[in-house]
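This report concerns only the one structure given below.
The values are calculated or read from the model by the stated rules, or taken from the named source; none is laboratory data. These numbers come from a predicted model, not from an experiment. Note: ideal-geometry Cβ built from the backbone for every residue, glycine included; neighbour counts use all protein chains shown.
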Amino acid sequence: MKILARLVADEVEKRHSADLAPKWEHGVVVFVPHVPGMKQHEISMDKFMHKVVMMRDNLRVLEQQINANSKLTDGEKVKLQSYITRIYGSMTSFNFMFAYDEDHFKGAGE
């Protein structure tokens, strides 16, 4: 039973991980407001990357749930899937952060 638990834990870890490109390790994302006097916001690249990867993983789960849903018609599934594909396309903007191409977001044209 411990072996099975470890295998499941390893798969969960893989699903929620993607390596940050080395040039971004220990980097910081800084959001600078346009309004004078407002405080800027900083977040570590590691934390920002984790949030991007979690969005990717949650989109994958949503895709699986849509495809497995027996109450949706094929037309409804295609429509919902097209929204997800467009979201992936928008998220390709974050691909520069990933160390490996296989972790990249891919839109409809890729």
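Could you check the stretch 48-102 and list, in sequence order, the residues that are over 29 Å from residue 27 (Cα atoms) and of a type in the set (Asp, Glu)?
Hits for the stretch 48-102 are 63, 74, 76.
Could you tell me which numbered condition residue 73 fails, if it satisfies all but one of (1) touching a helix residue (DSSP H, G or I) at 6+ places or on another chain (Cβ under 7 Å); (2) loosely packed, with under 13 Cβ neighbours inside 10 Å?
Condition not satisfied by residue 73: (1).
Can you tell me which of 98, 105, 48, 94 is at pLDDT below 90, among the aromatic types (Phe, Trp, Tyr) and either under 14 Å from the mean Cα position of the chain (by Cα) or surrounded by 10 or more Cβ atoms within 10 Å (Cβ to Cβ) (or both)?
Every option except 105 fails the conditions.
Within the group 43, 87, which residue is part of a strand (DSSP E or B) and either β-branched (Val, Ile, Thr) or surrounded by fewer than 11 Cβ atoms within 10 Å (Cβ to Cβ) (or both)?
43
Which residue pairs have Cβ atoms closer than 7 Å, lie 6 or more positions apart in sequence or on different chains, and pair a first residue in the stretch 50-73 that is free of Cβ contacts under 8 Å to residues at least 12 places away in the same chain with a second residue that is hydrophobic (A, V, I, L, M, F, W, C)?
72/66
Take residue 77 and tell me if it is of a type outside the set (Phe, Trp, Tyr), in a helix (DSSP H, G or I) and more than 20 Å from the chain's Cα centre (by Cα).
Yes: the conditions hold for residue 77.
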